[in-house]
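A short worksheet on the structure shown next.
The values are calculated or read from the model by the stated rules, or taken from the named source; none is laboratory data. What you see is a predicted model; the values in this text were computed from it and never measured. Methodologically, a virtual Cβ is constructed for each residue, glycine included, from the backbone with ideal geometry; neighbour enumeration extends over all protein chains shown. Calculation scope for accessible area: heavy atoms of the full protein, side chains included, ligands and nucleic acids excluded. Shrake-Rupley method; radii C 1.70, N 1.55, O 1.52, S 1.80 Å.
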There are 2 protein chains.
Amino acid sequence: YSTGDPMWSYFTAVAGQDGEVDAEELQRCLTQSGIHGSYSPFSLETCRVMIAMLDRDHTGKMGFNEFKELWAALNAWKQNFIMFDQDRSGTVEPHELGQAITAMGYRLSHQTLNAIVKRYSKNGRIYFDDYVACSVKLRALTDVLRRRDNMQQGFVNFAYDDFLQCTMAI
Amino acid sequence: YSTGDPMWSYFTAVAGQDGEVDAEELQRCLTQSGIHGSYSPFSLETCRVMIAMLDRDHTGKMGFNEFKELWAALNAWKQNFIMFDQDRSGTVEPHELGQAITAMGYRLSHQTLNAIVKRYSKNGRIYFDDYVACSVKLRALTDVLRRRDNMQQGFVNFAYDDFLQCTMAI
Ligand SMILES: [Ca+2]
Ligand SMILES: [Ca+2]
Ligand SMILES: [Ca+2]
């Protein structure tokens, strides 16, 4: 890393001695960075899912390299959100979330998109925090599939314990 | 149902004309019922997962029969939580969550229990809302497995879209 890197100062300010952040620290770090802009800061729940997405060693914490990876993803999702929130209401509409997911490159059935839209809506709208939580989970769960589908056949086989370990943390 | 049923009055007070509650209405309904006792009322996030657990027709809403099923489960989990919170601190300790999950009849590896405990902790403790969210998700994801494992062999096979539909909503 470079000590001149502005992200480094947000990160070290909360990471402390061990150089890693847990979900509460990540929430503080992201809030202080102001990356949420005019939207509400990220909820603890969303920060937990962010950690789970990148926490390959299951420590429940995130180092600076993972934080940088998250930061890049968050900026991309924020750009997406701003693009789809054309009337600048601070929310995207249900059908816009479906479009956004398709624009991210996911090919999902109408039924699955529908289930996702319902799950991440609040009073029929999708807020930035929920949009990001949805994007993080989609990426994390798709990674789970990719890591397990050695044959690239679009199917994946799980033992119970393995399935629960992957999905309960996300 | 019986019109003398006290749950019916909590439910109808928020369900309105369609006789079903969405996540925001469920949150109001549960808060008014006082089922959380001396703990904090349930978060919207936990209410969303409660809906997803029982919403077999994917409407994003819950009818009265499903609400009664939820109510019974919540009471059982509350009893469990109180039993494990022996010092009445309002939280259970990480190792107690592992014991509680095992007491619910789940047989999970040490690694999976560990991942779950990390995910649902806040400052190293587990609060009632997170305890219930964890219990709801465990039950919902185990139901997903049971419904798909026709041979009862402890393994389950998913197509990508099916996997994402099941897991994104929970
Ligand atoms: Ca908008
Ligand atoms: Ca329903
Ligand atoms: Ca305690």
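Okay, here's what the table says:
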read-out: Cα-based shape type of segment A:21-151, given that a ≥ b ≥ c are square roots of the gyration tensor eigenvalues and the cut on a/c is 1.5; value: oblate
read-out: For segment A:68-127: rounded, prolate or oblate by the Cα gyration tensor [a/c cutoff 1.5]; value: oblate
read-out: Residue B:113 accessible area, 1.4 Å probe, all protein chains in place, Å² to nearest 10; value: 30 Å²
read-out: Surrounding net charge for residue B:29, when Lys and Arg each add one and Asp and Glu each subtract one, Cβ distance under 13 Å; value: -2
read-out: The protein assembly as shown - mean residue ellipticity at 222 nm from DSSP helices (-39,500 (n - 2.57) per run, n ≥ 4, rounded to 500); value: -19000 deg cm²/dmol
read-out: Pairwise burial A:B, computed as accessible area of each alone minus the pair, summed, 1.4 Å, Å²; value: 4300 Å²
read-out: Accessible-area composition of the protein assembly as shown, carbon plus sulfur, in percent [1.4 Å probe]; value: 49 percent
read-out: For segment A:130-142, Karplus couplings with θ = phi - 60° (6.51, -1.76, 1.60), whole Hz, Gly/Pro x; value: 5, 4, 5, 4, 4, 5, 5, 5, 4, 5, 5, 6, 5
read-out: For residue B:125, net neighbour charge (Lys/Arg +1, Asp/Glu -1) across residues whose Cβ lies under 11 Å away; value: -3
read-out: Loop-located trypsin sites (Lys or Arg not before Pro) in segment B:51-108 whose Cβ has at most 13 other Cβ within 10 Å (DSSP); value: B:56, B:88, B:107
read-out: Heavy-atom accessible area, 1.4 Å probe, ligands and nucleic acids excluded: residues of segment B:24-66 down by at least 40 Å² from chain alone; value: B:24, B:45, B:48, B:58
read-out: Total charge dipole magnitude, segment B:43-103, about the Cα centre, Cβ charges on Lys, Arg, Asp, Glu only, Debye to nearest 20; value: 220 debye
read-out: Pairs from A:68/B:118; A:118/B:118; A:122/B:137; B:61/B:122; A:78/B:68 whose Cα-Cα separation, in the structure shown, is over 31 Å; value: A:78/B:68
read-out: Whole-angstrom gap from segment B:103-170 to segment A:65-79, using each part's C-alpha centre; value: 27 Å
read-out: Distances in nm from residue B:102 to the matching label points in the other copies, shortest first (labels 7 Å along Cα to Cβ); value: 5.0
read-out: Average accessible area per residue (Å²) across segment B:55-143 - probe 1.4 Å, nucleic acids and ligands excluded; value: 45 Å²
read-out: Other copies of residue A:18: label-to-label distances in nm, shortest first, labels 7 Å along the beta-carbon direction; value: 4.5
read-out: Residue-count net charge about residue B:18 - beta-carbon cut-off 11 Å; Lys, Arg +1, Asp, Glu -1; value: -2
